[in-house]
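Quick note: the coordinates plus some simple rules give every number you see, no bench work behind them. These figures come from a predicted structure and were not determined experimentally. Because the Cβ atoms are built from the backbone with ideal geometry, glycine has one as well, and the counts that use them run over all protein chains shown.
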Amino acid sequence: MTPLAAELKALIATEGPLPVDRFMALALGHPRHGYYMTRDPFGAAGDFITAPEICQVFGELTGVWAASAWEALGRPAAVALVEFGPGRGTLMADLLRAAEALPAFRAALSVHLVETSPVLAARQNEVLSAASVPLAWHRDLSTVPPGPAILVANEFLDALPIRQFVMTAAGWRERVVGLVDGALAFGLARDPVPQALIPAALRQGEPGAVVEICPAFHHLAAGLAARRAPLAGLFIDYGHVASAHGETLQAVQAHRFTDPLAAPGEADITAHVDFEAFAAAAVASGLAASPAVDQRALLFGLGLRERAERLAQSRPDAFETLRAGVERLIDPAPAGMGSLFKAMAVASSRDLLDRLPRLA
Ligand code: SAH
């Protein structure tokens, strides 16, 4: 039993079953035993691998997008470049290197890393301290200084806790984590779910249908809107373009799917991103959101082919690694990164959104 499982059992024994979002928040973010609090989870020896860790072109093209966003913002002399969930800092390092091609842009940047993990923040510091750019760390958006901002986030939204509702013969009920014979087990709360919590288009469902919502989308969107300053953001993650019934909560450990309740605190727990819901949260807060496009289209649109060719010429020794990495990022198979992953741009106004690079 993991130390977090023991704490969760004690908590459930005194307070009752936990909604899935509370379970997920503790599994990932518990101050002592949360998954991200205690480890660097990336790479072959870790639990999973992400696009920036696969190929440098991913961060470099994010840099191309960020430079265009800076142009669209009217080339401000100072702009906050905010990354949510920066992992090992690889994306930001590659982005900043690509930004050297546009010195006025690079000179305008101060980098703000929104990160809850002390282990990963230390890693980011190691990787980025040589970049000669002002760096600051934040636990959430609230301490990022005011003014124009460019935001990037890869595989951040999937870590935000979700709630799950299940259709029963008696109507929608919330899924909870409780105890059965002393073991953590999924169950359903007794009380009905207030109708308003279920998106209108999903309220009709067969028994067993599952609806997932992510309340943190609203907090994030409201926090961005509350800055009352121009901003442009690019959010990339695995997920779906349109809201639908279905269950996507998943746990991954050592590159395999596992039972989310088997080893809380020692497996990554995420959910697929509902980009329609994320866009709706943005719009409800007064922001504008682009259609979601797949990662393959995003990367080609940002100049993948040209950048990969140039790199291959300058580093012929690394050609095979580069080719394999790029292929993986754009893999069009249903579970391949090129199609499973989507990208969405968010901006403080429709007008600004229209000036950002078209994502596909
Ligand atoms: N963007 C990186 C890492 C993705 S993993 C990459 O592509 O490689 C998720 C990242 O989000 C980790 O850095 C994790 O510590 C961070 N994270 C998870 N929940 C968070 C939260 N609520 N607030 C800020 N960062 C969070």
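Of everything in the stretch 151-210, what is polar (S, T, N, Q), free of Cβ contacts under 8 Å to residues at least 60 places away in the same chain and closer than 22 Å to residue 270 by Cα? Give them in sequence order.
none
Take residue 101 and tell me if it is assigned to a loop (DSSP other than H, G, I, E, B) and closer than 18 Å to residue 144 by Cα.
In short, no.
Please verify whether residue 136 is over 27 Å from residue 341 (Cα atoms) and within 16 Å of the ligand (Cβ to nearest atom), treating the condition exactly as stated.
yes
Being touching a strand residue (DSSP E or B) at 6+ places or on another chain (Cβ under 7 Å) and away from the ligand (no atom under 14 Å from the Cβ) is the filter here, so list the residues in the stretch 43-77 that pass it.
65, 66, 69, 70, 72, 73
For the stretch 256-289: of the residues being of a type in the set (Asp, Glu) and within 16 Å of the ligand (Cβ to nearest atom), which is farthest from residue 20 (Cα to Cα)?
266
Would a scan of the stretch 158-170 turn up a residue that is within 14 Å of the ligand (Cβ to nearest atom) and hydroxyl-bearing (Ser, Thr, Tyr)?
No, the stretch 158-170 has no match at all.
Please identify the pairs in which a residue from the stretch 322-333 that is in contact (Cβ under 8 Å) with a residue 12 or more places away in the chain and of a type in the set (D, E, K, R) has its Cβ atom under 7 Å from the Cβ atom of a residue that is in a helix (DSSP H, G or I) and surrounded by fewer than 17 Cβ atoms within 10 Å (Cβ to Cβ), counting only partners at least 6 apart or on another chain.
Listed by first residue and then by second, the contacts come to nothing, as the list is empty.
Select, from 143, 116, the only residue that is surrounded by fewer than 23 Cβ atoms within 10 Å (Cβ to Cβ), within 16 Å of the ligand (Cβ to nearest atom), of a type in the set (Val, Ile, Thr) and without any contact (Cβ under 8 Å) to a residue 40 or more places away in the chain.
143
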